[in-house]
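The values are calculated or read from the model by the stated rules, or taken from the named source; none is laboratory data. These numbers come from a predicted model, not from an experiment. Note that each Cβ is placed from the backbone with ideal geometry, even for glycine, and that neighbours are counted across all protein chains shown. Note: accessible area is taken over every heavy atom of the protein model, side chains too, but ligands, DNA and RNA are not part of it. Shrake-Rupley method; radii C 1.70, N 1.55, O 1.52, S 1.80 Å.
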Amino acid sequence: FVCAQLPNPVLESISVIDTPGILSGEKQRISRGYDFAAVLEWFAERVDRIILLFDAHKLDISDEFSEVIKALKNHEDKMRVVLNKADQIETQQLMRVYGALMWSLGKIVNTPEVIRVYIGSFWSHPLLIPDNRKLFEAEEQDLFRDIQSLPRNAALRKLNDLIKRARLAKVHAYIISSLKKEMPSVFGKDNKKKELINNLGEIYARIEREHQISPGDFPNLRKMQDQLQAQDFSKFQPLKSKLLETVEDMLANDIAQLMVLVRQEESQRPTQMVKGGAFEGTLHGPFGHGYGEGAGEGIDDAEWVVARDKPMYDEIFYTLSPVDGKITGANAKKEMVRSKLPNTVLGKIWKLADIDKDGMLDDEEFALANHLIKVKLEGHELPNELPSHLLPPSKRKITE
């Protein structure tokens, strides 16, 4: 181990563990001198997030990497994949590489849900091929958000670990007491021990049936068989019902109370987030993702951005029978559904555009609704609240 301490605010919230590089090709024949996969498995149980790094131009999953991913079994929920150096290849090739990576991972990571892969170029140098800049920015923000959520969920993860360990201890007690019960009191102990170790899978199945235990709660079969070889079964303890009842009570009652306390504590504490380093300056200012695009278009303009297309929207507005300068919701709906956007989206647009909440739209609100429809049709996301630069000039006093 080599430990490095740096005066970086990022490290006040999280600790980063970087493993040695994965061996591939000829190097795989060289022994590391320790069980690499087992070390990673030990860390996997104790960390909040596991990030597997791949190079876009060097995708092969070596035998060692395959072993490592298999060792991380049962921790798939913590796993994320980063496809790095994606700026070194053209868009068409990148699509092929991404498809090949997902196919390769699908053969090794045995989960019903597809593992999340972040595509980008995670360094501070100029992009070699900048064609996919927007994609890289969006993926980077998603990864940052994922990492920033970790401190908030740390207490919950520790609680989940406690539950997992308690369930493992319970299953372990059932296994050990079953082996103890099967052992003869005087003769043939060695032969019986071999027989029990060989039939451990059947013992697992029997305990699973008798006590309604999930197969995922049992320890690794082969590992358990190896560890039992050196044990004296006659020294094993019989099942202690009172201790098991205490564990059951803890899982049924105490954990539920702890969960409530954790949630209360989280709501009272200020929001914990990873700050500093690359996390600074990524969300705010003109280089934040999506700044000046979609709903952010015209953010720095003195003139109302919707005014550019308002004459065109006005022509439509006056065909919809306005009364006292306003059109009804029913008339607005007839026009808005022409966009073919789903009602859920149009409902959100209506909520943003009907600024005075009177159930009708005047010419400025109607123009704003059409502008937001255009934003959505161009593939951008709608804001949850109307940004101040999109407020019609005549409505700005209302909101103030």
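Yes or no: Q231 open to solvent by 80 Å² or more (accessible area, probe 1.4 Å), touching a Ser or Thr at 6+ places or on another chain (Cβ under 8 Å) and either part of a helix (DSSP H, G or I) or not assigned by the TED database to the domain that holds D48 (or both)? Show your work before the answer.
Values: open to solvent by 80 Å² or more (accessible area, probe 1.4 Å): yes; touching a Ser or Thr at 6+ places or on another chain (Cβ under 8 Å): no; either part of a helix (DSSP H, G or I) or not assigned by the TED database to the domain that holds D48 (or both): yes.
Judged against the criteria, Q231 is not a match.
Grab the helices (runs of 4 or more DSSP H) fully contained in region 126-199, keeping just those with 3 or more residues being over 27 Å from T91 (Cα atoms).
Working: elements: 133-148, 150-182, 189-198.
Those helices (runs of 4 or more DSSP H) span 150-182, 189-198.
Out of T399, T319, T328, which single residue is open to solvent by 20 Å² or more (accessible area, probe 1.4 Å), more than 30 Å from K134 (Cα to Cα), among the β-branched types (V, I, T) and modelled with pLDDT under 90? Write out each step before concluding.
On the way: T319 fails: modelled with pLDDT under 90; T328 fails: modelled with pLDDT under 90.
Answer to the selection: T399.
Residues to consider are I30, I61; find the one that is of a type in the set (A, V, I, L, M), modelled with pLDDT under 80 and more than 22 Å from F122 (Cβ to Cβ).
Only one candidate passes the filter, namely I30.
In region 357-369, which residues are within 15 Å of Y313 (Cβ to Cβ) and open to solvent by 10 Å² or more (accessible area, probe 1.4 Å)?
First pass over region 357-369, keeping only residues within 15 Å of Y313 (Cβ to Cβ): 361-369.
Correct list: D362, D363, E364.
Would you check if D354 is loosely packed, with under 11 Cβ neighbours inside 10 Å and either free of Cβ contacts under 8 Å to residues at least 24 places away in the same chain or touching a Gly at 6+ places or on another chain (Cβ under 9 Å) (or both)? Let's see the steps before the verdict.
Values: loosely packed, with under 11 Cβ neighbours inside 10 Å: no; either free of Cβ contacts under 8 Å to residues at least 24 places away in the same chain or touching a Gly at 6+ places or on another chain (Cβ under 9 Å) (or both): yes.
In short, no.
Step by step: first the residues of region 112-155, then only those that are polar (S, T, N, Q) and modelled with pLDDT under 85, then the one that is most open to solvent (accessible area, probe 1.4 Å). Which residue is that? If you could, list the steps in order and put the result at the bottom.
As a first pass, look at region 112-155 and keep what is polar (S, T, N, Q): 121, 124, 132, 141, 148-149, 153.
Filter once more, so that each one left must be modelled with pLDDT under 85: 124, 149, 153.
On the way: S124: 114, S149: 20, N153: 69 Å².
Checking each candidate, the answer is S124.
Name the residues in region 223-265 that are among the charged types (D, E, K, R) and over 17 Å from E195 (Cβ atoms), would you? Break it down into steps so the answer makes sense when it comes.
Within region 223-265, the first condition is being among the charged types (D, E, K, R), and the residues that meet it are 223, 226, 232, 235, 240, 242, 245, 248-249, 254, 263, 265.
Listed by number, the residues that qualify are K223, K235, K240, K242, E245, E248, D249, D254, R263, E265.
Here are some conditions: (1) closer than 18 Å to F136 by Cβ; (2) open to solvent by 90 Å² or more (accessible area, probe 1.4 Å). D300 meets all but one. Which one does it not meet?
Tallying (1) closer than 18 Å to F136 by Cβ; (2) open to solvent by 90 Å² or more (accessible area, probe 1.4 Å), D300 fails exactly one: (1).
Restricting to region 331-340, and then to whatever is of a type outside the set (S, T, N, Q) and open to solvent by 30 Å² or more (accessible area, probe 1.4 Å), can you tell me which residue is farthest from G294 (Cα to Cα)? Reasoning before the result, please.
Step one: of region 331-340, the residues of a type outside the set (S, T, N, Q) are 332-338, 340.
Still in the list and also open to solvent by 30 Å² or more (accessible area, probe 1.4 Å): 333-335, 337-338, 340.
Details: K333: 23, K334: 24, E335: 21, V337: 20, R338: 20, K340: 19 Å.
Looking at the filtered set, the residue picked out is K334.
Do you know which residues across region 294-338 are part of a loop (DSSP other than H, G, I, E, B) and polar (S, T, N, Q)? Write out each step before concluding.
Just the residues of region 294-338 that are part of a loop (DSSP other than H, G, I, E, B), to begin with: 297-304, 309, 318-322, 324-325.
Selection gives T319, S321.
Residue check: is L162 surrounded by fewer than 16 Cβ atoms within 10 Å (Cβ to Cβ) and aliphatic (A, V, I, L, M)? Steps first, please.
Numbers: surrounded by fewer than 16 Cβ atoms within 10 Å (Cβ to Cβ): yes; aliphatic (A, V, I, L, M): yes.
Criteria met by L162.
Restricting the first residue to region 111-122 and requiring it to be in the same structural domain as K73 (by the TED database), which pairs with a second residue that is open to solvent by 10 Å² or more (accessible area, probe 1.4 Å) and in a strand (DSSP E or B) meet a Cβ separation below 6 Å and a spacing of at least six or different chains?
So the pair list comes out as R116/R80; F122/N84.
Exactly one of (1) over 23 Å from I163 (Cα atoms); (2) of a type in the set (F, W, Y); (3) surrounded by 15 or more Cβ atoms within 10 Å (Cβ to Cβ) is unmet by Y204. Its number?
Evaluating Y204 over (1) over 23 Å from I163 (Cα atoms); (2) of a type in the set (F, W, Y); (3) surrounded by 15 or more Cβ atoms within 10 Å (Cβ to Cβ) leaves (1) as the failure.
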